[in-house]
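A.B. asks: One structure follows; several queries about it will come next.
The values are calculated or read from the model by the stated rules, or taken from the named source; none is laboratory data. Please read all numbers here as calculations on a predicted model, not as lab measurements. Note that we place each Cβ from the backbone using ideal geometry, even for glycine, and neighbour counts take in every protein chain shown. The area values use the complete protein model at the heavy-atom level, side chains included, leaving out ligands, DNA and RNA. Shrake-Rupley method; radii C 1.70, N 1.55, O 1.52, S 1.80 Å.
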Amino acid sequence: SPARKNSSYKMNKQGQKGYFLSAITSFLIAVSVSTGDEWIDGMRGVDLPPIISDVATKHIHLAPGTPSHSTMTVTFSTSETCTPLVLLYSVDHPIMDKPRVIFGDDTRQYTSNNLLRDGSIADAYTSDWIHHVRVQGLEPASLYHYYCTCASYAFEEDHDGVSDMRHLLPASIHITEQEGLMKHKLNGGSFRTAPEPVAKGVVNNESIDFAVCGDVGQTADSRSTYQNIAKQHDDGNGFAAILHAGDLSYADGEQSRWDTWLELVDGIFSRRIPLLTSPGNHEIETDGITKDIFVPYQTRFAMPEIRPFEMEPAVLTNSTTPSVFVDGRYDWGNSFYATTYGPACILFMNSYTASYVGSNQYQWVESKLQSIDRRATPWVFVVVHCPMYNTFAFHQNEAQ
């Protein structure tokens, strides 16, 4: 796992055990069965699932990886640390009744003392354990069912304080999808991967549908908006993804509101429609003590990043969601990135980090636009929270 520069963004000792345990269990299962699978970026897809634990999973959502036609990130939370895994069933390419098992190696947790809207500092909040499981080696334009759970392994520390596997519980080699649902009460959903990209220079005449929204929040109107998107998806549009232009939960420093927002979208669309996001000012959430910024947003989501995020605190900012913001720095990670979906190349930019000539964001956007093949991807979208031209009465002539 790449080093993180954010001081509020650390794994505690239990989380480190989880990483170590995940690596060991992946190795043990890999050598205990004979499969034709290949190693894929440190994760192992095998057809021998372990016994499933009874740790409850929640806040499930999806984001395409890189490349989008063969990778999907499944994110979910648990109230206790565990070794996360995803059971994957292919609908379009079934192989008997056995799932592929993908262990996660990216578990995050954060603690914050955010500034509130009245300028006071919130009580310390520690998030659940947030697991981002990257599922790779998928077939393009294919439907998959997935279930989020944790491995039920017993382990203990040896005399040197190093976590060691002591008891590998028996594995269930014939767990069908129906058994997983009925017996283990698994939480999950389904997703369809992006179309396979065409060769460079080939004209791409495919059609693809996206839903676009922003500034949604978690009111009765928010619920109605998300329900309408889900209904259109189910009625035949089959959105490839939702492109969200920022201001997602309006937590504004009250971190429990991230939990209620995730519960809202989990119950409507997020288990079956991938979500791609651009940060808005309500994602800044300045920490009242460390002055770190964008910590909840960076921790809770895993967009198809270009490289690990870099952050510099906003030392002069005394607001959790400033409308005008020229302090601190938040680059890479979930801040700005791009993805290709069939005939569309989509760039996500951040209005609240440097974009002047020579900045990381400026150089990346310039390079990315120059590299796009407009025959293979004739559609280019840019998603950014602040419009570059604005006729709205508010926010006129602001720095953003």
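A.B. asks: May I ask you to give the percent of accessible area on the range 326-382 that is carbon plus sulfur, with a probe radius of 1.4 Å?
C.D. replies: 52 percent
A.B. asks: Another question, if that's okay. Could you tell me the convex hull volume per residue, in Å³, taken over the Cα atoms of the range 191-230?
C.D. replies: Looking at the range 191-230, the number lands at 108 Å³ per residue.
A.B. asks: Taking 0.36 nm per residue of separation and subtracting the Cα-Cα distance, what length does fully extending V202 through M388 add?
C.D. replies: 63.7 nm
A.B. asks: Also, I was wondering about something else. How high is the relative contact order of the range 245-400, in percent, with contacts defined as C-alpha pairs under 8 Å that are six or more residues apart?
C.D. replies: Rounded, it is 22 percent for the range 245-400.
A.B. asks: Classify the range 340-400 as rounded, prolate or oblate, taking a ≥ b ≥ c as the square roots of the eigenvalues of its Cα gyration tensor: rounded when a/c is under 1.5, otherwise prolate if a/b is larger than b/c and oblate if not.
C.D. replies: In terms of gyration-tensor shape, oblate.
A.B. asks: Next question, about the same structure. Once amide H atoms are placed 1.01 Å from N in the peptide plane, what residues at a sequence separation of 5 or more from C345, or on another chain, have their amide H within under 5 Å of its amide H?
C.D. replies: W379, V380, F381
A.B. asks: Which FRET efficiency value, to the nearest 0.05, is calculated for Q136 and E366 with the Förster distance at 30 angstrom and r the Cβ-Cβ distance?
C.D. replies: Result of the calculation: an efficiency of 0.50.
A.B. asks: Once the other residues with Cβ under 10 Å from the Cβ of V86 are scored (Lys, Arg +1; Asp, Glu -1), what is the net sum?
C.D. replies: Result for the neighbourhood of V86: +2.
A.B. asks: I need the fraction of alpha carbon pairs in the range 262-400 separated by more than 20 Å, rounded to a whole percent.
C.D. replies: Tail of P(r) above 20 Å: 52 percent of Cα pairs.
A.B. asks: Ok, one more. Could you tell me how many cubic angstrom of Cα convex hull volume the range 299-379 has per residue?
C.D. replies: That works out to 113 Å³ per residue.
A.B. asks: Could you grab the relative contact order for the range 212-326? Cα pairs under 8 Å, six or more apart, rounded to a whole percent.
C.D. replies: 26 percent
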